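Okay, so here's the structure we're looking at.
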Amino acid sequence: MIAESMVALVKGSSVIRAMFEEGNRLSKIYGRENVYDFSLGNPNVSAPKEVNEAILDVINNEESTLVHGYMSNAGFEDVREAIADSINKKYDTSFNASNIIMTVGAAGGLNTILKTLLNPGDEVICFAPFFSEYKNYVSNFGGKLVVVPANTKDFMPNFDEFIRLINNKTKAVIINNPNNPTGVIYGEDVIQRLSDILNSKAKELSTDIYIISDEPYRELAYDGATVPYITKYYNNTIVGYSYSKSLSLPGERIGYLVIPDELTDSSEVKAAASVATRILGFVNAPSLMQRVIKKTLDVDLSKNIAIYDKNRKALYEGLTKLGFECVKPQGAFYLFVKSPVEDENEFCNSAKKYNILMVPATSFGCKGYVRIAYCVSYDTIINSLPSFEKLAKEYSL
Ligand code: PLP
């Protein structure tokens, strides 16, 4: 018999599973090219050629016992040093290898840091809409995810509600910048305000409140937008990064955490995070990928970003012209569209009639919206527009 706690989780997972199966079912009937599956954040763009070259280079030229062996739980020292140098160069920071812990993607990094920080009953705040797995990751360690309701005007944080929800059980705040599912980017003013609020609340409550900044989409920013490097604004920040999206490597499970020296109890947090990655069963991040990352830190991502940008424009312009409402995404590869009816599940079901698959946003904590992932081929987007037009007509847009 499975654990009681898993029964509800298995049930909850079935929405995404049902979507996946629906995609397969429709593809068998209509052909894959006639099904517009916008449900998954799985990059359609190939990994840069430098990644494959680096894999071969590592396998052919580095010592096998090093490449495939165990290492310190935090990861290879030289890889961590190279990552720290690369962050310093890009963002004018001053990290070294000791500040970096290699992780099994962003998901592994988030679980590692939550295991490191949370006592049972601790609260972690996030802003709706949010990546739905946060709830599971926080509850893995007996914590409670507290959700600040969405500000649907522009999807920037609702700071009044945020202030109200901070209390002496608040251990951390998870932000996701650029955001999945809205595509918004929190700029310098938002990050500064967030930092000011937390500094003042932490002082008032005589406690430490950490920001965990989940940044797998950091480089996917358009129209010249940039994502502030948040450790420069708030000392108690941990950054979680992943190569899943920027290098199109979600299956390879590789990323890192940045734990700055300025963090309260930094040495203890670094040591505990290294132990956490081990005892969660990751042991260490995949070794071959760590070696590959060292060789691909300076890869030019502009070609891949341009592909997503082209998709973004085509989809945003196409859908808004048809009368759908959404904020123009500045980053990541999602469009967050207002459902023309209150129940977005009904809207998603209607869309399926036209072979369009989208994700209802109740699971992101924002009822009445749907998420469209545009990390698909450009042809899929262009070919889907006549179907979106039929959908718009059905709702008299
Ligand atoms: N955080 C956010 C906001 C995501 O969108 C995702 C994946 O889609 C993850 C974390 C997990 O990323 P990874 O595959 O690197 O574990």
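Listing for the model above:
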{"item": "Paramagnetic label zone (point 7 Å from Cα along Cα-to-C-beta, Ser27; backbone N under 13 Å) in segment 377-397", "result": "377"}
{"item": "Table column - 3J(HN,Hα) (Hz), segment 289-298, Karplus curve with 6.51, -1.76, 1.60, x for Gly and Pro", "result": "5, 4, 4, 5, 4, 4, 8, 10, 5, 9"}
{"item": "Theoretical gain in end-to-end length, Ser72 to Glu53 [0.36 nm per residue, Cα-Cα removed]", "result": "4.3 nm"}
{"item": "Extension gain (nm, one decimal) between Lys303 and Leu280, 0.36 nm per residue minus Cα-Cα", "result": "4.6 nm"}
{"item": "Rule-of-thumb Rg ratio for segment 135-279 [Cα; 2.2 N^0.38 Å; N residues]", "result": "1.06"}
{"item": "Average accessible surface area per residue within segment 20-133, 1.4 Å rolling probe, Å²", "result": "48 Å²"}
{"item": "Accessible-area ranking of Lys352, Lys393, Lys338, largest first, probe 1.4 Å", "result": "Lys393, Lys338, Lys352"}
{"item": "Mean Cβ neighbour count within 10 Å, used as a protection proxy, ranking 123-132, 315-324 highest first", "result": "123-132, 315-324"}
{"item": "Magnitude of the charge dipole, the chain, Cβ model with Lys/Arg +1 and Asp/Glu -1, debye to 20", "result": "880 debye"}
{"item": "Prolate/oblate/rounded call for segment 1-151, Cα gyration tensor, a/c under 1.5 rounded", "result": "oblate"}
{"item": "Karplus-derived HN-Hα couplings along segment 158-170 (A = 6.51, B = -1.76, C = 1.60, θ = phi - 60°), whole Hz, x at Gly and Pro", "result": "8, 5, 4, 5, 4, 4, 5, 8, 6, 8, 6, 8, 5"}
{"item": "Extended-chain gain in nm, criterion 0.36 nm per residue less alpha-carbon gap, Glu62 and Ser5", "result": "16.1 nm"}
{"item": "Residue-by-residue Karplus 3J(HN,Hα) for segment 179-194, coefficients 6.51, -1.76, 1.60, Hz, glycine and proline x", "result": "9, 9, x, 8, x, 7, 10, 7, x, 4, 5, 5, 5, 5, 5, 4"}
{"item": "Accessible surface of the chain [probe 1.4 Å, protein heavy atoms]: carbon and sulfur percent", "result": "50 percent"}
{"item": "Segment 279-366: relative contact order as a whole-number percent, Cα under 8 Å and 6+ apart", "result": "13 percent"}
{"item": "Helix-only mean residue ellipticity at 222 nm for the chain, each DSSP H run of n ≥ 4 adding -39500 (n - 2.57), per residue, nearest 500", "result": "-14000 deg cm²/dmol"}
{"item": "For segment 245-303: rounded, prolate or oblate by the Cα gyration tensor [a/c cutoff 1.5]", "result": "oblate"}
{"item": "Computed label-point distance, nm, for sites Ser139 and Tyr378 using a 7 Å Cα→Cβ extension", "result": "4.3 nm"}
{"item": "Two-site label geometry, Glu188 and Leu205: point separation in nm, points 7 Å out along Cα→Cβ", "result": "2.9 nm"}
{"item": "Neighbour-limited loop hits for chymotrypsin sites (Phe, Trp or Tyr not before Pro), segment 47-120 (at most 14 other Cβ within 10 Å; DSSP other than H, G, I, E, B)", "result": "Tyr70"}
{"item": "Segments 47-58, 215-226, 230-241 sorted - mean Cβ within 10 Å per residue, highest first", "result": "230-241, 215-226, 47-58"}
{"item": "Mean Cα-pair separation over length for the chain, i.e. relative contact order, pairs under 8 Å, 6 or more apart, %", "result": "23 percent"}
{"item": "Relative intensity, log₁₀ I(q)/I(0), of the chain from a Debye sum that treats every alpha carbon as a point, q = 0.06, 0.12, 0.13, 0.15 Å⁻¹", "result": "-0.24, -0.99, -1.15, -1.46"}
{"item": "Val239 long-range amide H proximity, modeled H, under 5 Å", "result": "Ser213, Val258"}
{"item": "Euclidean distance of C-alpha centroids, segment 88-116 and segment 235-297, integer Å", "result": "4 Å"}
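The values are calculated or read from the model by the stated rules, or taken from the named source; none is laboratory data. Just so we're clear, the structure is a prediction, and the values are computed from it rather than from any experiment. Don't worry about glycine lacking a Cβ; one is built from the backbone with ideal geometry, like all the others, and counts go over all protein chains shown. Side chains are part of the model used for accessible areas, which takes the heavy atoms of the whole protein and leaves out ligands, DNA and RNA. Shrake-Rupley method; radii C 1.70, N 1.55, O 1.52, S 1.80 Å.
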